[in-house]
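**Q** Have a look at this one before I ask anything.
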Amino acid sequence: MDPARELGRTLLILGALLVAVGAVFFFGGRLPFRLGRLPGDIVHRGEHTTFYFPIVTCIVLSVGLSLVFWLVSRLRR
């Protein structure tokens, strides 16, 4: 395949991903779920400290990114 065409396709895919991530950040407050505050995320509030570990959010993002990368690899074949 022509290198310029391959570069154009890659830039289009990266641009679409960037637009999608930007839309999530822009409309994040209006979504019915809040990333970082999902049920199952661990929050421990002490007297002077707060420990927060977003384990469910990490799992959701991992699954979502895995699907995106799998789709991109399938489309490149």
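The values are calculated or read from the model by the stated rules, or taken from the named source; none is laboratory data. No experiment lies behind these values; they were computed from the predicted model shown. Reconstructed Cβ throughout: ideal geometry from the backbone, glycine too, with neighbour counts over all protein chains shown. These area figures cover heavy atoms from the full protein model, side chains too; ligands, DNA and RNA do not enter into them. Shrake-Rupley method; radii C 1.70, N 1.55, O 1.52, S 1.80 Å.
**Q** Any residue in segment 53-68 that is without any contact (Cβ under 8 Å) to a residue 40 or more places away in the chain and not in a helix (DSSP H, G or I)? Steps first, please.
**A** Step one: of segment 53-68, the residues without any contact (Cβ under 8 Å) to a residue 40 or more places away in the chain are 53-67.
Narrowing further to those that are not in a helix (DSSP H, G or I): 53-54.
The answer is yes, given that some residue of segment 53-68 is without any contact (Cβ under 8 Å) to a residue 40 or more places away in the chain and not in a helix (DSSP H, G or I).
**Q** Could you list, ordered by first residue, the pairs with Cβ atoms under 8 Å in which the first is in segment 14-26 and under 17 Å from Ser73 (Cα atoms) and the second is modelled with pLDDT of 85 or more, at least 6 apart or interchain?
**A** Leu17/Val68
**Q** Another question, if that's okay. Which residues, counting only those in segment 33-77, are more than 17 Å from Leu14 (Cα to Cα) and of a type in the set (Gly, Ala, Ser)?
**A** Gly36, Gly40, Gly46, Ser62
**Q** Could you please find all residues in segment 3-56 being open to solvent by 100 Å² or more (accessible area, probe 1.4 Å), under 18 Å from Phe69 (Cβ atoms) and over 16 Å from the mean Cα position of the chain (by Cα)?
**A** Passing the criteria: Leu11, Leu12.
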